[in-house]
Amino acid sequence: MVAITAPATRPLRFAPTGGHNPGRAAGAVVKQVLDFVGALTIILLTLPILVAVALAVRADGGPAFFTQTRIGRGGRTFRMVKFRSMVVDAEARKAALLAANEGAGPLFKMKNDPRVTRIGAVIRKYSIDELPQLFNVLTGSMSLIGPRPCLPAEATRYTAEMRRRHQVKPGLTGLWQVSGRSNLSWDESVALDLRYVDDWSLAMDVKIAAKTFGAVMASRGAY
């Protein structure tokens, strides 16, 4: 059984992962297949929701989707897609809000961000804004489970240990999403991501997937 506990309860290992591990390599192939099949299945099951949210966001003024450059596996960039939950000029307004940043480490977060639209507040609360990233999973730039993809500006502040997050594909959900999300400190978030890189297994992915639904419905740390 894979136990998910607070990162302070066990020491981290900073040795690089990989090497000649047939079991892990075979598991990675299975994970890739499960990513594609799982993403496609979820898209088909939630298609009415995806369409309804897209129309609601579009009616709020502006495009339904928001794309942003993120860092993927191996440090390569890709365009991540999500439902737009903020006003169309949100990036331009960010500089004026930096003094009110409540995010941990290099992350920018505000519990009551004035740029979030009314429909945006609802879809962010239940992580519905992240559903379009299922298409990123289908195209191979993301996985269903893994560390969340960071912004290029955030990556420039990473230490060598933090950059090990990029040894695996970023995920739609991950270990820190089911362990507190934005309520965690930066060190706790990094520790959980590195634990995932070091200790990944299909059993761990199953455990995280099972816990994701409860975390989303409770909207713990979602803002």
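The values are calculated or read from the model by the stated rules, or taken from the named source; none is laboratory data. Bear in mind that the values here come from a model prediction, so they are computed numbers and not experimental data. Keep in mind that these areas ignore ligands, DNA and RNA; they rest on the heavy atoms of the full protein, side chains included. Shrake-Rupley method; radii C 1.70, N 1.55, O 1.52, S 1.80 Å.
Cα-based values for segment 19-152, radius of gyration first and Dmax second, are 16.8, 52 Å. Taking a straight line from the alpha carbon of Lys94, these lysines sit under 28 Å away, with near neighbours fewer than eight places off in the same chain left out: Lys82, Lys109, Lys111, Lys125, Lys169. Surface calculation, 1.4 Å probe, protein heavy atoms: Trp176 sits at approximately 40 Å² accessible.
Placing one equal scatterer on every Cα of segment 110-223 and applying the Debye formula, the log10 ratio I(q)/I(0) at q = 0.12, 0.13, 0.17, 0.23 Å⁻¹ is -0.43, -0.51, -0.89, -1.51. Across segment 78-91, rounded Karplus estimates of 3J(HN,Hα) from the backbone phi angles (6.51 cos²θ - 1.76 cosθ + 1.60, θ = phi - 60°) give 8, 9, 8, 10, 8, 5, 5, 10, 10, 5, 5, 9, 4, 5 Hz, Gly and Pro being marked x. Solvent-accessible area of segment 63-141 (1.4 angstrom probe, protein heavy atoms only): carbon and sulfur portion equals 56 percent. Computed over protein heavy atoms with a 1.4 Å probe, the accessible surface of segment 99-158 works out to 45 Å² per residue. The percentage of C-alpha pairs in segment 120-174 whose separation is greater than 13 Å is 64%. Normalised size of segment 26-86, defined as Cα radius of gyration per 2.2 N^0.38 Å with N residues, equals 1.43.
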